[in-house]
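Worksheet for the structure shown next.
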Amino acid sequence: MATDTSSRRASRLREDLSFFATLAHELRTPLTSIRGYLETLIEDDLNREIRQRFLETALAEALRMSRLLDGLLDASSLKPRIPAEQAQRADLQATLAAALNAVAPIAAARRTVISQLRCEGASILLPPDQFTRILINVLENAVKHGREAGRVYVASTLENRYVQITVDDDGPGVPADERFAIFTPAYRGRKSSPTGSGLGLALVRRLIERAGGSVEVADSPLGGARFSLRIPVALDEA
């Protein structure tokens with residue numbers, strides 16, 4: 001038993017080191033770009049149009065780095081699972097509404113309609129900021145990988161001591177041989193965007209598993225992917 005525990009800890013440590021090495025690499029890329037554009041703006045005599053384009057590109061890279069730093073803050077806050085009675089709680093309905101508002105601009109840009117089929121009332125055993133990050137990452141993934149002018153369905157149900165949240169999209173789906181790998185740091189599937197960091201779904205899995213839950217992906221009735229999040233609820237709500 002001790003050997004198994006040590007092996008799991010070693011495996012987790014290797015995964016953590018890989019995660020942070022990948023994150024450092026992803027942060028270095030936009031930072032190098034920003035530095036290059038700013039140095040050019042300072043040193044060269046550029047016309048107004050080029051200066052504006054360089055500034056807009058630097059801003060876009062800064063925003064991308066900010067999103068990656070959000071992931072770093074989430075990752076740095078991960079701790080071993082704590083007892084349920086000590087865990088922070090997040091309101092399911094309020095957090096889902098906040099996440100839907102956050103992804104609304106992305107959905108509008110792709111003309112994607114997000115429909116909330118049903119939503120149970122419950123307190124989730126996760127800090128509100130972490131639960132929000134989980135939902136935003138999964139919803140953004142559905143919008144980006146679904147069809148343009150497509151559909152995304154969100155639903156939640158209570159099952160014993162857990163809430164089951166499903167997010168369906170109408171995209172190409174996730175091949176069966178990639179359904180575990182997409183939750184590992186820096187992994188990009190064959191059908192994923194080349195501009196992604198490969199960190200979003202890895203964070204989702206880590207945060208949910210540390211809370212005592214699970215996440216998996218399967219085929220969706222819409223023809224794309226269905227992400228199923230199973231998260232513990234407060235005992236007095238179960």
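For region 159-208, a residue qualifies if it is at pLDDT 90 or above, surrounded by fewer than 18 Cβ atoms within 10 Å (Cβ to Cβ) and in a helix (DSSP H, G or I), and the qualifying residues are A176, D177, E178. Within region 109-125, the set of residues being within 17 Å of V154 (Cβ to Cβ) and part of a loop (DSSP other than H, G, I, E, B) comprises R110, T112, C119, E120, G121, A122.
Every residue, every condition in (1) of a type in the set (S, T, N, Q); (2) at pLDDT 80 or above; (3) not in a helix (DSSP H, G or I), yes or no:
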| position | (1), (2), (3) |
| --- | --- |
| L13 | no, no, no |
| A21 | no, no, no |
| I42 | no, yes, no |
| Q52 | yes, yes, no |
| E56 | no, yes, no |
| E61 | no, no, no |
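Give the residues of region 94-120 that are free of Cβ contacts under 8 Å to residues at least 40 places away in the same chain and out of contact with any strand residue (DSSP E or B) (no Cβ under 7 Å at 6 or more places or on another chain), sorted by residue number. A94, A97, A98, N101, A102, A104, P105, I106, A108, A109, R111, listed by residue number.
Does E26 satisfy the criteria of being at pLDDT below 65 and acidic (D, E)? In short, yes. Within the span defined as region 81-104, every residue fails to be at pLDDT 95 or above and among the β-branched types (V, I, T). Scanning region 124-138 for residues being out of contact with any strand residue (DSSP E or B) (no Cβ under 6 Å at 6 or more places or on another chain) and under 15 Å from I165 (Cβ atoms) gives a total of 7. For A142, the test of being out of contact with any Ser or Thr (no Cβ under 7 Å at 6 or more places or on another chain) and either part of a strand (DSSP E or B) or crowded, with 20+ Cβ neighbours inside 10 Å (or both) is passed. Filtering region 209-235 to residues that are among the hydrophobic types (A, V, I, L, M, F, W, C), within 17 Å of G146 (Cβ to Cβ) and part of a loop (DSSP other than H, G, I, E, B) leaves only L222.
The values are calculated or read from the model by the stated rules, or taken from the named source; none is laboratory data. Owing to the predicted nature of the structure, the values given are computational and were not obtained by experimental measurement. Counting neighbours? That spans all protein chains shown, and the Cβs are built from the backbone with ideal geometry, glycine included.
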